[in-house]
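Everything on this sheet refers to the single structure shown next.
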Amino acid sequence: MMPAESQLIGRVLAEDDRHAFRQLVLMHQSAVRLFLRRLLGDPGLADDCAQEMWLIAYQKLSSYRGGSFRSWLFTIGLRKALRMKGQQGRFDFLETLDDRAAPTLPDGLRLDLEKAMQHLSTGERTCLHLMSCEEMTHEDISQLLNMPLGTVKSHINRGKDKLRKLLSGSAEEKTHARR
């Protein structure tokens, strides 16, 4: 049985226990790599980013102040990915709606959803993606994007409302087309 995350972090900080850090990597590497692959769209670049992210996480572990360790790691990964791509600002997560993110959607609904997502603001798309596909809490999203919690909640609520209206209109159009 693997020790709890907090125990592992404590061992790394108190004893520079690299084995404990290796266990933290094993606990989170799949989620981190998937997040970075979705974010960057290039598996090789994402793997390079993940390696560098883990090095930064090891070096900066003393700055971790509690809360979701995964969100803390995602924040480091997001910042590293932005630097690697040489971009300023935030990523557009619309492109990341792939088979891993929405495996159970029929093709027609996927296309409708992708079209509807284009009508959302970048903030709405990003927050909805992180909540739905990455299963992050509002607080985690707020921390990751360095955005006030109320703004995250507003983006999610507005985005859901827009999607409901857009998708219900799309369903009505298909019903009329079949008649």
For region 38-52, state whether one or more residues are under 28 Å from residue 131 (Cβ atoms), of a type outside the set (A, V, I, L, M, F, W, C), out of contact with any Ser or Thr (no Cβ under 8 Å at 6 or more places or on another chain) and touching a residue at least 24 places away in the same chain (Cβ under 8 Å). yes
From 46, 57, residue being modelled with pLDDT of 95 or more and small (Gly, Ala, Ser): 57
Say whether the condition of being under 24 Å from residue 139 (Cα atoms), in contact with a Phe, Trp or Tyr (Cβ under 7 Å, 6 or more places away or on another chain) and β-branched (Val, Ile, Thr) is met by at least one residue in region 66-79. no
So which residues in region 131-162 are over 19 Å from residue 79 (Cβ atoms) and buried (at least 19 other Cβ atoms within 10 Å of the Cβ)? 131, 155, 156, 159
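The values are calculated or read from the model by the stated rules, or taken from the named source; none is laboratory data. None of these values were measured; they are calculated from a predicted model. A quick note on method: Cβ atoms are made from the backbone with ideal geometry, for glycine too, and the neighbour counts reach across all protein chains shown.
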